[in-house]
Each structure stands twice: as structure tokens, then as C-alpha cells.
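Below is one structure, written out as C-alpha cells; comments come after it.
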Amino acid sequence: MSWAEYVNTSLVGTGAVSKAAICGFDGSVWGKSDNFNIGAEEAAAAARGFANKDALLGTGLKFEGQKYVILQVDDERIIGKKGTNGFFVYKTNQAVIISIYEDGVQPEACSQATGKLADYLKQNNY
């Protein structure tokens, strides 16, 4: 399965994620949904957030040019929100999975779908 297929099947295809991407720690986009215009710098900033949690809480993260407030950061997950939309970033061994939820999508369902794929990738050394 390609990285884009993982995104489209395991994330967006569940109906619990509005748009998503799997990116390397360097910001390289391995696979993304067609409706997600994420740039390498935004992806790299999300990956760097795990290394500098305190700074991230003060600066937030941007996706598609929109700034999100950070609600929580730990070693495995970053949670952010902007109005009724939000995101979850899960860290795996070699990548970050970025999932955005928009109006009508339950945040907890988005988190569960993203966390499930993260666990699967970690079990397979990704």
C-alpha cells in the first residue's frame, strides 16, 4: 500500500478525518489527501514540535497557512484547535501523521483513527 493509500483509506476514508498527511521528520510529504495543501515547512514544524514542547505551546502550528492554538503536547501526540476545526499530530518511529478535522467531525474519532494508524506504523518499524 502506498503512503497516499494509507491516508485515504485509514484516515480520510473512515469519515473521522477531513484531511491528512504522513510526513517524514524532515518535512518531506510521504503521502497526503488531495484536499490537503501542506507544505514541507509546515510538516517539519509539526515534527520539530515534539522536541521543543514548551515553545510550541506559545507559538502554535500552522497548516495551510491557518494558525492553530496548541492545547496539549506530549511525547506521542500534539493537539491543536482553531474555532470548530482542529488537528492531531501523532509521532511514529520515522514519521508524523497529521490529521485535520473540520465541522461535523468528532475530535475524538479523528484522534482514534490517527492513533490507530500510528500504532500500526510503529509496529511495522515506521
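The values are calculated or read from the model by the stated rules, or taken from the named source; none is laboratory data. For clarity, every value in this text was computed on a predicted model and none was experimentally measured. With ideal geometry, Cβ positions are generated from the backbone for all residues, glycine too; neighbour counts draw on all protein chains shown. The protein model used for the area step is the full one, side chains on, heavy atoms only, and it has no ligands, DNA or RNA in it. Shrake-Rupley method; radii C 1.70, N 1.55, O 1.52, S 1.80 Å.
Couple of notes before you dig in:
- Kirkwood radius for the stretch 73-126, taken over all pairs of different Cα atoms as the inverse mean of 1/r, rounds to 11.3 Å.
- A simple rule links phi to the HN-Hα coupling: the Karplus curve 6.51 cos²θ - 1.76 cosθ + 1.60 with θ = phi - 60°, which for the stretch 110-126 gives 4, 4, 5, 4, 5, x, 5, 5, 4, 4, 4, 5, 4, 5, 9, 6, 10 Hz, with x for Gly and Pro.
- Per-q log10 I(q)/I(0), the stretch 5-75, q = 0.13, 0.21, 0.23 Å⁻¹ (Debye; single scatterer per alpha-carbon; no solvent): -0.39, -0.95, -1.08
- For the stretch 1-125, with +1 on Lys and Arg beta carbons and -1 on Asp and Glu, the positive-most of L11, S99, F63 along the dipole: F63
- Computed about the Cα centre, the dipole magnitude for the chain is approximately 120 debye when only Lys and Arg (+1) and Asp and Glu (-1) carry charge, each at its Cβ.
- Placing unit charges on the Cβ atoms of the charged side chains and taking the dipole of the chain about its Cα centre, the candidate lying farthest along the positive direction among N125, F36, F25 is F25.
- Taking 7 Å steps out from each Cα toward its Cβ at S28 and W3 produces label points 0.7 nm apart.
- Cα-based equivalent ellipsoid, the chain: semi-axes from gyration tensor eigenvalues, Å: 19, 17, 13
- Computed over protein heavy atoms with a 1.4 Å probe, the carbon and sulfur contribution to the accessible area of the stretch 55-118 reaches 48%.
- Accessible area of the chain divided out per residue, in Å², using a probe of 1.4 angstrom: 49 Å²
- Those residues of the stretch 101-126 whose amide nitrogen sits under 11 Å from the label point placed on Q94, 7 Å along Cα→Cβ: 122, 124-126
- Whole-angstrom gap from the stretch 1-59 to the stretch 80-115, using each part's C-alpha centre: 9 Å
- Model label points for N124 and Q66, set 7 angstrom from Cα along the Cα-to-Cβ axis, are 3.0 nm apart.
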